[in-house]
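Notes follow once the structure below has been shown.
Please treat every number below as a calculation from the coordinates, not as lab data. For clarity, every value in this text was computed on a predicted model and none was experimentally measured. Counting neighbours? That spans all protein chains shown, and the Cβs are built from the backbone with ideal geometry, glycine included.
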Amino acid sequence: MSSVSVWIKGARLRTLPLAIAPVVMGAGTAASDDKFNLGLVLLALLVALFLQIGVNYANDYSDGIRGTDANRVGPKRLTGGGLAEPKKVRNAAFICFGLAGVVGLLITVLTGQYWFIAVGLVCIIAAWFYTGGKKPYGYQGLGELVVFIFFGLVAVIGTDYIQTGGFNFVALIAGCISGCFATAVLLINNIRDIQTDKASGKKTLASRIGSKPALFLFDLLILVPFVLVAIIWALAPAVFIVNVLLILAIIILIIANTAKSPKEQILALALTSYLSLLFAFGFTWGLFTVIF
């Protein structure tokens, strides 16, 4: 039996800010429309966390049984590192997806928006087939696009919608911002793993276009949110506070672009995840000033 600490490690806690950030931003966009609902936000947060942990276990399982993680750089994975039986890792993923589904059904009942069931199913399918199935899209260079959609647009707009019952432009901008940061995290992870991914046949976007073009795209993904947020200044001038985080963004860019080995990219990955969360809280605080 694997210890609890091993399973916690396998949940990849450093990725959880990517699940929290879009929900926080969706709370802020709803607040700017004077329709903030703490109960629904907390339920949305649970869905996001269960999905994130579920996809982490699912990736661990699928990459592990394919041998992709055999020579990876970074922390050992549960399956690839032999820390847990593959079947147990797969079941852990299914349990998390199931919990996300249960909470999602509760949100559906509370809001009366039964088409959310279809959205939830699509989210779970996308989570599994990132590295699962016979032709995982993560192995075809489509991971970044799907992450932008689901960890950005769907997560933020979805959180906003369950509170407001409609779509708004601010949520769209916030979704793009969240999507940029989430995509940047995946991209820097794949830049780090270019050599091992090529050896295992995993054709990520980074391995397809090369490290230099991938790093240029990473730089854009880090900086674009600071351009997009300027669109919101007229509505909530206080969101300007997020520009303080440009200091952290520049540090991340320096680390990523001067790294001499794959291991050095791990710090850039972790800092980008934290930048996403800090940006989300600053952005949401600025929007809350509209109603208080």
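Given the Cα-Cα distance of Lys134 and Thr111 and 0.36 nm per residue of separation, how much length would full extension add, in nm?
On the way: separation 23, 0.36 × 23 = 8.28 nm, distance 3.65 nm.
The span from Lys134 to Thr111 would gain 4.6 nm if fully extended.
Across Leu43, Leu110, Leu221, mean-square fluctuation computed from a Gaussian network of the chain (C-alpha pairs under 10 Å connected) peaks at Leu110.
The calculated FRET efficiency for the pair Val119 and Lys198, based on their C-beta separation and a Förster distance of 25 Å, comes to about 0.10. Shape annotation for segment 165-292: C-alpha extents along the principal axes are 54, 31, 18 Å, from largest to smallest.
Show me the helices of the chain, taken as full DSSP H stretches, that run 20 Å or more along their long axis by Cα and average -0.5 or above in Kyte-Doolittle hydropathy. List each step's numbers first, then the result.
Details: long enough: 17-32 (22 Å, 1.38); 38-66 (42 Å, 1.16); 86-111 (38 Å, 1.33); 169-192 (35 Å, 1.74); 211-228 (26 Å, 1.92); 265-288 (35 Å, 1.59).
Long hydrophobic helices here: 17-32, 38-66, 86-111, 169-192, 211-228, 265-288.
Excluding same-chain residues fewer than 8 positions from Lys202, which lysines have a Cα within less than 26 Å of its Cα? Excluding near neighbours in sequence, the set is Lys9, Lys76, Lys87, Lys88, Lys134, Lys135, Lys212, Lys260, Lys263. A simple packing score, the average count of other Cβ atoms within 10 Å per residue, orders the peptides 6-12, 88-94 as 88-94, 6-12, with the highest score first.
Just rank Thr183, Thr15, Thr29, fewest to most, by other beta-carbon atoms within 10 angstrom.
Fewest-to-most ranking of Thr183, Thr15, Thr29: Thr15, Thr183, Thr29.
Considering the zone a paramagnetic label at Leu235 would reach in this model (a point 7 Å from Cα along the Cα-to-Cβ line), which residues of segment 33-55 have amide N under 19 Å from it? Those under the cut-off are 33-38, 41. Of the residues Trp115, Trp233, the one with the fewest other Cβ atoms within 10 Å heads the list, and the complete ranking is Trp115, Trp233.
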